[in-house]
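The structure under discussion appears below in the form of structure tokens.
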Amino acid sequence: MEKSKYEQALSLYNCELDDEAVARQVNTLLKEHLEENNTQEVKKFLFNSVELTTLKTTDSEDSVLRFVEKVNKFDREYSELGHVATVCVYPNFAKICYECLENDHVEIACVSGSFPSSQTFLEVKIAETALAIKDGATEIDIVMPVGKFLAEDYEGVCDDISELKAICGDKSMKVILETGCLKTASNIKKASILAMYAGADYIKTSTGKLEPAATPEAAFVMCQAIKEYYEKTGIQVGFKPAGGMKTVEDALTYYTIVKEVLGEKWLTNKWLRLGTSSLANKLLSDILEKDIKFF
């Protein structure tokens, strides 16, 4: 049988990976390079790469307003430290962020497309995404249809992603792979390639709603895919680990992987984002060398 265009795209890359070999590579990389990145300068950069997030069932207009006000207040009180990269909310709160956020350099990201499962009609995903952008979202995070991927419906996966990218237009779109559900390095590599092929501006590890979430091994494979895709196409795609980051060392781990696999070109808060809120205070505490509970 003739290969589909999606299978042809995958055939350009080595997607047959050995999980144990990947784990050994990651272990060696971190053993050799992690400690050299444990500096104040790197921690400041990582704070500036944080996507401050509230995605709770209990979110309300009042709670999201308070959330945004903390970002505004931080700008006033700690202007020398810069700012977080993004605030990330549900689509129905995009308007509040747009109206109340004072720093034009902080992006407004909305999870869309039936987050976190991606299980609904494509028409619903399109409508939700369009409404979020109309209300002021400057970035959109969607979840790859994982069920379709595992069923090897690569056309369905790419159609979903490309349709939503068409709605986003010049607004950046992150595609969440939910790597914990993909299980293997080979699946993670294939999903990364397909997402980028279909139009992802960033690929992101996880929703943070399922375990396991981000892992260094998944990040390593995704960054390898980004590098190979860039070498073949000249298209630079960003990377966002999310979920499961609890310590400053976790953040340094992902920074080290990006630095060693992708290089300096990705070490800006445009191309590297951290999907975590709990780390913001911990990074600030390390930077300022005192206990900070601002966010």
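The values are calculated or read from the model by the stated rules, or taken from the named source; none is laboratory data. This one's a predicted model, so the numbers in the text were calculated from it and none came from an experiment. Here the Cβ is made from the backbone with ideal geometry for all residues, glycine too, and neighbour counts use every protein chain on show. When the accessible area is computed, the model is the full protein with side chains, heavy atoms only, and any ligands, DNA or RNA have been set aside. Shrake-Rupley method; radii C 1.70, N 1.55, O 1.52, S 1.80 Å.
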3J(HN,Hα) from dihedral phi, the stretch 114-128, Karplus parametrisation 6.51/-1.76/1.60, rounded to Hz, x for glycine, proline: 6, 4, x, 8, 6, 9, 7, 5, 4, 4, 5, 4, 5, 4, 4
Rg and Dmax in Å for the stretch 157-293, alpha carbons only: what are they? 15.1, 49
Considering only protein heavy atoms, what per residue accessible area in square angstrom results for the stretch 170-295 with a 1.4 angstrom probe? 36
Taking R0 as 41 Å, what FRET efficiency do you get between residue 59 and residue 291 from their Cβ-Cβ distance, rounded to the nearest 0.05? 0.95
For residue 107, which sequence-distant residues (separation of 5 or more, or a different chain) have an amide H within less than 5 Å of its own amide H, given hydrogens modelled in the peptide plane? 86, 87
Using modelled amide H (1.01 Å from N, peptide plane; none on Pro or chain starts), what sits under 5 Å from the amide H of residue 207, excluding residues fewer than 5 places away? 178
What nm value, rounded to one decimal, do you get for the distance between residue 13 and residue 100 when each label is placed 7 Å out toward the C-beta? 3.9
Which FRET efficiency, nearest 0.05, do residue 76 and residue 270 yield, Cβ-Cβ r, R0 41 Å? 0.95
Which percent of the accessible heavy-atom area of the chain goes to carbon and sulfur, probe 1.4 angstrom? 49
Whole-Hz Karplus ³J(HN,Hα) for the stretch 165-182, in order, using 6.51 cos²θ - 1.76 cosθ + 1.60 and θ = phi - 60°, x for Gly and Pro? 5, 4, 5, 5, x, 7, 7, 5, 10, 9, 10, 8, 8, 6, 4, x, 7, 7
Candidates [x] 24.3; [y] 22.3; [z] 19.3; which is the computed Kirkwood radius over Cα pairs in Å? [z]
Provide the FRET efficiency to the nearest 0.05 for the residue 153-residue 127 pair, computing r from the beta carbons and using R0 = 22 Å. 0.45
How much accessible area per residue does the stretch 1-154 have, counting only protein heavy atoms and a probe of 1.4 Å, in square angstrom? 54
Sorted by average packing, counted as other Cβ atoms within 10 angstrom per residue and highest first, what order do 203-214, 36-47, 90-101 take? 203-214, 90-101, 36-47
CD proxy, 222 nm, the chain: helix-only mean residue ellipticity via -39,500 (n - 2.57) per DSSP H run with n ≥ 4, per residue, nearest 500, stands at -15500 deg cm²/dmol
Each residue of the stretch 189-194 in order: what ³J(HN,Hα) in whole Hz does its phi give by Karplus 6.51 cos²θ - 1.76 cosθ + 1.60, θ = phi - 60°, with x for Gly and Pro? 5, 4, 5, 4, 4, 5
What is the set of long-range amide H partners of residue 238 at a cut-off below 5 Å, with H atoms built 1.01 Å from backbone N? 202, 203
